[in-house]
Amino acid sequence: MREVRAAGLEALALATQLLRRARLADPEAGLWEAADLQWWWRSPRRSDELEQVFWLDEEGPGAGVVLTEWSRAWGCDPLVVPGVSPAEIWPHALARIEELGLEHVETLARDDDHELRGLLAGSGFVAEDDSGGITWLEAERRPEVVPPPDGFRIVDRTETGDEPHPMRRRNGAQVEARLRQTPLYEPGLDLAVEAQDGDVAGYALFWLDPVTEVGLVEPMRVEDAYQRRGLARALLTEGIERLARRGARRLKVGYGTEAARALYTGAGFRVAVTDRTYRLTAA
Ligand SMILES: CC(C)(COP(=O)(O)OP(=O)(O)OC[C@H]1O[C@@H](n2cnc3c(N)ncnc32)[C@H](O)[C@@H]1OP(=O)(O)O)[C@@H](O)C(=O)NCCC(=O)NCCS
């Protein structure tokens with residue numbers, strides 16, 4: 001395979017091609033959809049300028065190592081299409097971590113990915129005690145839309161575009177401009193739930209990939225003061241209805257907490273695989 005280096009939106013485009021190819025080859029392999037990496041683009045990061053490495057064959061990108069600066073650590077995500085072993089690119093990932101002098105690095109691995117877990121253990125990565133997973137639902141088996149409780153209404157970004165974006169508090173003032181730079185972001189799938197006084201009680205973003213026909217939910221949040229009133233269920237059922245009507249055949253959402261797992265499985269999503277974070281701390 002031929003090595004190609006690219007940064008910023010060019011790297012995001014290569015990762016999108018790679019992850020679509022992987023999803024078309026296998027309906028559930030790997031961890032990420034193209035839309036996940038487009039969600040990662042929501043805030044400016046030092047990693048935007050970093051040259052990311054991909055390997056291309058005659059069909060396009062078949063492997064890549066994506067490094068992402070998060071607040072707690074750098075993410076290192078080896079991406080491969082089915083048939084390519086992570087062992088083929090892992091030495092490169094380690095060399096990059098060393099060359100860049102990254103002190104804290106995290107990699108998420110599926111619990112059933114024995115090959116990657118072996119590589120992580122062999123290079124000093126230690127399992128964290130988090131535990132999450134990935135859930136899937138066939139669109140035709142989606143639940144009925146459950147409206148929010150009295151006093152709340154669901155709005156999308158086509159209706160509220162002149163107000164500040166509800167995600168700016170956690171993701172920074174540029175969040176909407178950044179999301180609009182990604183090819184899969186759609187304002188009509190960018191939902192929020194508002195209380196009667198206009199306060200934003202929660203939000204959720206839904207992503208349709210027309211190539212893979214997968215609809216992804218990321219992120220989903222209800223503010224602490226508004227939890228346990230059915231607002232997440234209302235956002236989720238409304239969002240997946242919109243995804244299905246726009247052509248999604250399969251719906252996906254990952255979880256990292258028991259509350260989120262219960263929310264998604266309660267709506268009919270099935271846990272396909274569990275996963276865990278592995279962390280490398282420089283000596
Ligand atoms: C997860 C989260 C979105 C749930 O929002 P919410 O509006 O409180 O959820 P709902 O009231 O709609 O609850 C729907 C179902 O989810 C499950 N659920 C929600 N909160 C739960 C909790 N704290 N513990 C266990 N189950 C929970 C329940 O099955 C619930 O149904 P029930 O109330 O009939 O038992 C919210 O807790 C949150 O934003 N947490 C922080 C961010 C986060 O973890 N987001 C998910 C990332 S994948």
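The values are calculated or read from the model by the stated rules, or taken from the named source; none is laboratory data. A quick note: this is a predicted structure, and the numbers were derived from the prediction, not measured. Cβ atoms come from the backbone with ideal geometry, glycine included; neighbour counts cover every protein chain shown.
Within the stretch 183-206, not a single residue is charged (D, E, K, R), touching a Gly at 6+ places or on another chain (Cβ under 9 Å) and closer than 24 Å to LEU14 by Cβ.
Scanning the stretch 167-208 for residues that are in a strand (DSSP E or B) and more than 24 Å from LEU24 (Cα to Cα) yields ASP190, LEU191, ALA192, VAL193, GLU194, ALA195, VAL200, ALA201, GLY202, TYR203, ALA204. Residues that are within 11 Å of the ligand (Cβ to nearest atom) and not in a loop (DSSP other than H, G, I, E, B) within the stretch 238-270 comprise VAL253, GLY254, TYR255, GLU258, ALA259, ALA260, ARG261, ALA262, LEU263, TYR264, THR265, GLY266, listed in sequence order. Those residues that are assigned to a loop (DSSP other than H, G, I, E, B) and touching a residue at least 60 places away in the same chain (Cβ under 8 Å), I need them from the stretch 102-129; list them, please. Within the stretch 102-129, LEU102, GLU103, ASP111, ASP112, SER123, GLY124, PHE125, GLU128 qualify.
The set of residues in the stretch 209-225 that are part of a strand (DSSP E or B), more than 7 Å from the ligand (Cβ to nearest atom) and out of contact with any Asp or Glu (no Cβ under 7 Å at 6 or more places or on another chain) comprises GLY215, VAL217.
Reported count of residues in the stretch 120-170, each being acidic (Asp, Glu) and touching a Lys or Arg at 6+ places or on another chain (Cβ under 7 Å), is 3.
In this structure, is LEU235 part of a strand (DSSP E or B), touching a residue at least 40 places away in the same chain (Cβ under 8 Å) and either under 23 Å from PRO27 (Cβ atoms) or within 9 Å of the ligand (Cβ to nearest atom) (or both)? Spelling it out, it is not the case that LEU235 is part of a strand (DSSP E or B), touching a residue at least 40 places away in the same chain (Cβ under 8 Å) and either under 23 Å from PRO27 (Cβ atoms) or within 9 Å of the ligand (Cβ to nearest atom) (or both).
The residue list TRP55, TRP70, TRP74 contains one member that is touching a Ser or Thr at 6+ places or on another chain (Cβ under 8 Å), touching a residue at least 12 places away in the same chain (Cβ under 8 Å) and aromatic (Phe, Trp, Tyr), which is TRP74.
Consider GLN196 carefully, then state whether it is near the ligand (Cβ under 8 Å from one of its atoms) and of a type outside the set (Val, Ile, Thr). So GLN196 does not fit the description; no.
Any chance the stretch 140-149 includes a residue that's among the acidic types (Asp, Glu), away from the ligand (no atom under 12 Å from the Cβ) and under 24 Å from ALA262 (Cβ atoms)? Yes, because at least one residue in the stretch 140-149 is among the acidic types (Asp, Glu), away from the ligand (no atom under 12 Å from the Cβ) and under 24 Å from ALA262 (Cβ atoms). Can you say whether GLY215 is in the same structural domain as GLY254 (by TED's automatic domain parsing) and touching a Pro at 6+ places or on another chain (Cβ under 9 Å), as far as the supplied structure shows? No. Condition test on GLY124, is it surrounded by fewer than 19 Cβ atoms within 10 Å (Cβ to Cβ) and in contact with a strand residue (DSSP E or B) (Cβ under 6 Å, 6 or more places away or on another chain)? Considered against the rule, which asks whether it is surrounded by fewer than 19 Cβ atoms within 10 Å (Cβ to Cβ) and in contact with a strand residue (DSSP E or B) (Cβ under 6 Å, 6 or more places away or on another chain), GLY124 comes out as yes. All of (1) touching a residue at least 24 places away in the same chain (Cβ under 8 Å); (2) outside any helix (DSSP H, G or I) hold for ARG228 with one exception: (1). Scanning the stretch 131-163 for residues that are in contact with a strand residue (DSSP E or B) (Cβ under 9 Å, 6 or more places away or on another chain) and among the small types (Gly, Ala, Ser) turns up SER131, GLY132, GLY133, ALA139, GLY151.
Conditions (1) touching a helix residue (DSSP H, G or I) at 6+ places or on another chain (Cβ under 8 Å); (2) part of a strand (DSSP E or B), marked per residue:
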residue	(1), (2)
THR68	yes, yes
VAL84	no, no
LEU94	no, no
THR135	yes, yes
VAL145	yes, no
ASP150	no, no
THR158	yes, no
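Looking only at the stretch 230-274, residues that are aliphatic (A, V, I, L, M) and touching a strand residue (DSSP E or B) at 6+ places or on another chain (Cβ under 6 Å) come to 11 in all.
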